[in-house]
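Any read-out appearing in this document is the output of simple, stated calculations on the displayed coordinates, not a laboratory observation. This is a predicted model, so every value here is computed, not measured. Cβ atoms come from the backbone with ideal geometry, glycine included; neighbour counts cover every protein chain shown.
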Amino acid sequence: MRKMTIDEILNKDGILVKFVEKKYVDSFCDGEIHFESLSSFIDKEKIEGDTVIGDEYEGARLWNISIKRNFSHQRYVKTTLHLDDEDKRRLGVASFFYIPYKEMDVIDKSEKAARLRLSQSVIEYFRNFNKTAKRIPVVLTASFFYEKMKEYMDDENSRTLAMGPVCYYDENDSNFKDISYLELAFRKRNRYSEQKEYRVVYWLDDNDERYNAENYVYEKIKNLTYSFHNEESLYEGLVKVTC
């Protein structure tokens, strides 16, 4: 198989960033990934009032319809295409930040390597996101993670359904193409677009009556070479890419 050039890599690949609690870093790097049900994110907003991680419209495509009542007033009706409530409880999600290389600034580049810098807006978002939790940022190459996860997904015993970037949409736009049922787990409103989220979607164990959360070890992604950054080195925004 032909190796990609540095320009091809910069155009097609990127990094995934996961902020992990310090006590879970070792287990995460051994391949243990934590999944939470879609419904838990709905509850975070509806019950806890959390509008950063929480989203009452998880698993749905929302659009607002305006109805003119007279010449001076309009009434807005929210309409949704959504997953069944039971599937929202059973679908587990593991989330990462996804930053494509093409959205970074190129500092310098040769035939075999490039040095890039994260945008200031992404750095500031990371700072604010991790201000209270103080988790450890773990960085890995998106394509490498995808390849290893795809190997696992091809296993007939896998409960992993899909993975990829989240698509953000304007809730006032009703002109959208047909969305498959599972794709609804990858749709979020534009207000969340700064999260630049990448998801792995997985069926939680039917025996878990609470359908709350599950940890699962993906044997085939153990011993991945992760790039570790302490908080301040990540906030410097420097990323090195080689081919």
### Summary
If amide H atoms are modeled at 1.01 Å from N in the peptide plane, then the residues at a separation of 5 or more from Tyr169, or on another chain, having amide H under 5 Å from its own are Lys188, Arg189, Asn190
### Message
I'd like the Karplus ³J(HN,Hα) series for segment 39-44: coefficients 6.51, -1.76, 1.60, θ = phi - 60°, whole numbers in Hz, and an x wherever there's a Gly or Pro.
### Response
5, 5, 6, 5, 5, 4
### Query
Simple spin-label model, 7 Å along Cα-to-Cβ: Lys3 to Asp170 in nm?
4.4 nm
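Computed FRET efficiency, Cβ-Cβ of Lys12 and Leu182, R0 30 Å: what is it to the nearest 0.05? Let's see the in-between values first.
On the way: r = 24 Å, r/R0 = 0.79.
E between Lys12 and Leu182, to the nearest 0.05, is 0.80.
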### Query
Tell me, what HN-Hα J-couplings in whole Hz come from the Karplus equation 6.51 cos²θ - 1.76 cosθ + 1.60 at θ = phi - 60° for each residue of segment 136-148, using x for Gly and Pro?
8, x, 10, 10, 9, 6, 4, 5, 5, 4, 4, 4, 5
